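**Student:** Supplied in structure tokens, the structure appears directly below.
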Amino acid sequence: FGCVFDYEKVASEFREHGRLIELNNGSLKYGSEEVRKSSYALMSACKKVCAPIVVSSGAHYCEDVGDFALSTELLESLDFPQDLILNVDYDRVKEYISRFQDWKKSELKKQEYGAYKQSFVRGNAARN
């Protein structure tokens, strides 16, 4: 498309904000060569910046449910660390959800404080 996409920047931002990047096996199986190249570049960036990922079968057909062959092949070609693949272990998924919920609560508190602070500032400005 003529755009330069900074995979490392995106992977870093996802990591910093507690988000996960998905490697979709269906996209590798049915997508274009460009999709496969982009997936490789993104997974390479995730490995470099230690951004966690999840792997999905991306099944739209019953035959594809649980098929991770192309994703596994791509990750093995990169010697991608298993500890960055969140959904290889149930306990990791539970831990992530727990941490994400805690993070979300703290973000909501920050937003509530920001709204309170804004109303306080507006209230003081109106009195002056």
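The values are calculated or read from the model by the stated rules, or taken from the named source; none is laboratory data. Because the structure is predicted, anything quoted here is derived from the model rather than measured. A quick note on method: Cβ atoms are made from the backbone with ideal geometry, for glycine too, and the neighbour counts reach across all protein chains shown. SASA here: full protein model, heavy atoms, side chains in, ligands and nucleic acids out. Shrake-Rupley method; radii C 1.70, N 1.55, O 1.52, S 1.80 Å.
**Student:** Identify, by number, the condition in (1) open to solvent by less than 40 Å² (accessible area, probe 1.4 Å); (2) out of contact with any His (no Cβ under 9 Å at 6 or more places or on another chain) that Asp102 doesn't meet.
**Tutor:** (1)
**Student:** Continuing with the same structure: Applying the selection to the stretch 43-100, what residues are of a type in the set (Ser, Thr, Tyr) and touching a residue at least 40 places away in the same chain (Cβ under 8 Å)?
**Tutor:** Within the stretch 43-100, Ser71, Tyr96 qualify.
**Student:** Does the stretch 91-108 include one or more residues that are modelled with pLDDT of 90 or more, of a type in the set (Ser, Thr, Tyr) and either in a helix (DSSP H, G or I) or out of contact with any Phe, Trp or Tyr (no Cβ under 8 Å at 6 or more places or on another chain) (or both)?
**Tutor:** No: the stretch 91-108 contains no residue that is modelled with pLDDT of 90 or more, of a type in the set (Ser, Thr, Tyr) and either in a helix (DSSP H, G or I) or out of contact with any Phe, Trp or Tyr (no Cβ under 8 Å at 6 or more places or on another chain) (or both).
**Student:** Between a first residue in the stretch 1-21 that is of a type in the set (Val, Ile, Thr) and a second residue that is part of a loop (DSSP other than H, G, I, E, B) and open to solvent by less than 80 Å² (accessible area, probe 1.4 Å), which pairs have beta carbons less than 9 Å apart while being 6 or more apart in sequence or on different chains?
**Tutor:** Val10/Ala51; Ile21/Ala51; Ile21/Pro52
**Student:** For the subset of the stretch 1-39 comprising residues that are closer than 22 Å to Gly66 by Cβ and open to solvent by 90 Å² or more (accessible area, probe 1.4 Å), which member is modelled with the highest pLDDT?
**Tutor:** Looking at residues that are closer than 22 Å to Gly66 by Cβ and open to solvent by 90 Å² or more (accessible area, probe 1.4 Å), I get Glu22.
**Student:** Which helices (runs of 4 or more DSSP H) does the stretch 1-86 wholly contain that include 2 or more residues that are in contact with a Leu (Cβ under 9 Å, 6 or more places away or on another chain) and closer than 22 Å to Ser98 by Cα?
**Tutor:** 7-16
**Student:** Here's a follow-up. Could you tell me how many of the residues in the stretch 51-87 are touching a Lys or Arg at 6+ places or on another chain (Cβ under 9 Å), at pLDDT 95 or above and open to solvent by 80 Å² or more (accessible area, probe 1.4 Å)?
**Tutor:** Of the residues in that region, 1 qualify.
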